[in-house]
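The values are calculated or read from the model by the stated rules, or taken from the named source; none is laboratory data. Quantities reported herein were computed from a predicted structural model and do not represent experimental measurements. Cβ placement follows ideal geometry from the backbone for every residue including glycine, while neighbour counts extend to all protein chains displayed. Heads up: the accessible areas ignore ligands, DNA and RNA and are worked out on the full protein's heavy atoms, side chains in. Shrake-Rupley method; radii C 1.70, N 1.55, O 1.52, S 1.80 Å.
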Amino acid sequence: MMTRGKLLHMNAGNGECSYASCSTLQRKVIQEAKPVLEDVIKKMFNNIIGDFPRSCFNMADLGCSSGPNTLFTVSNIIKIVQVLCHEKSCKMPEFQAYLNDLPDNDFNTIFKSIPSFHRDLKEAEAEANCFISGVPGSFYERLFPSKSLHLVHSSYSLHWLSQAPEKIENNNNIYITRTSPPQVFEAYMKQFDKDFSRFLQVRSEEIVTGGHMVLTFLGRSIPDPYGSHSAHLDLLSKSFIDLIHEVQYFTSANFLLSSSNSLRV
Ligand SMILES: C[S@@+](CC[C@H](N)C(=O)[O-])C[C@H]1O[C@@H](n2cnc3c(N)ncnc32)[C@H](O)[C@@H]1O
């Protein structure tokens, strides 16, 4: 079975239908989580993790995609550290930012936006030595050397499972909805449990002692796992089913046509 990593990626480029042009919701999520990021960095500053904040601050954004949100988080982190350095009259560290996503992500567009990212930081008087690298691969696998990261950030990505649960009968739905049998909810929960445990295991090997993670992702409430937020998925399921019926109709019509043709020959 093909894993999701080989099948799906966000729409590339900067066009009308690209992820870059359609990710304002995700940007809002990053903005809302910013106070948590500030708290975490403040804590790291006060506890002096390894050489931080004196030497290089190594951070990773997992599931970075491509678009204005990709470097927005990095720039937020630099600005937060800058304020803390100013308050404590200490020198700004250097930054190493690793941007990770699946290999089919549009890393080219990210790399092309790096000069304007540096320009914007300079204009905001937050100029810093920030070295940016792309890291293609799944965040469910090891991506970085042991004990090399101070901070791991991931927004709106960790609800992507490594694969859909296998062998489930889901009443023509593509995800968990009100008409899904209870086994479907359990199968997805089991898959999430497996994936998230793996994620924590590999990250625990990569993060320095005392390092932190800020993870923001979608969840479902236990009392009402079906919720109302999956209405768009119901519509998508229905559209897929219609499409399948159309393809089936088209295939059988084509078959009839070609059999009658061959009869005539
Ligand atoms: C909705 S986008 C969020 C992008 C960005 N963090 C933001 O807030 O705009 C989710 C991203 O997670 C990536 N992703 C999903 N599963 C992944 C995995 N196993 N490893 C790395 N990236 C993954 C997708 O390719 C996609 O670019």
All other residues with a Cβ under 14 Å from the Cβ of ALA12 taken together, and with Lys, Arg as +1 and Asp, Glu as -1, what is their net charge? -3
Interchain or long-range residues, amide H under 5 Å from SER155's placed H: LEU62, THR216
Taking θ = phi - 60°, what integer Hz values does the Karplus form 6.51 cos²θ - 1.76 cosθ + 1.60 yield along the range 109-119, in sequence order, with x for Gly and Pro? 5, 4, 4, 5, 8, 5, x, 6, 4, 5, 4
If you put +1 on each Lys and Arg Cβ and -1 on each Asp and Glu Cβ, how big is the dipole of the chain around its Cα centre, in Debye rounded to 20? 220
Keeping all protein chains in place, calculate the accessible area per residue for the chain (probe 1.4 angstrom), answer in Å². 59
Could you pull out every residue, at least 5 positions away or on a different chain, whose amide H is within less than 5 Å of the one on ILE207? Hs are placed 1.01 Å off N in the peptide plane, and Pro or chain starts have none. LYS147, SER148, LEU149
For a quick protection proxy, order the peptides 119-126, 92-99 by their average other-Cβ count within 10 Å, most packed first. 92-99, 119-126
Residue-normalised 222 nm signal for the chain, counting each DSSP H run of n ≥ 4 as -39,500 (n - 2.57), nearest 500 deg cm²/dmol, is -15000 deg cm²/dmol
Amide H neighbours of GLN96 at under 5 Å, excluding residues fewer than 5 places away on the same chain, with H built from the backbone geometry, are PHE57, ASN58, MET59, PHE131
Sort CYS22, CYS85 by heavy-atom solvent-accessible area, probe 1.4 angstrom, most to least. CYS22, CYS85
Once phi is turned into θ = phi - 60°, what whole-Hz ³J(HN,Hα) does the Karplus curve with 6.51, -1.76 and 1.60 give for every residue of the range 157-165, x standing for Gly and Pro? 10, 6, 7, 7, 7, 6, 6, 6, x
Not counting ligands, DNA or RNA, and with a 1.4 Å probe, what is LYS190's accessible surface area in Å² rounded to the nearest 10? 150
Can you tell me the relative contact order of the chain? Whole percent, Cα pairs under 8 Å, sequence separation 6 or more. 21
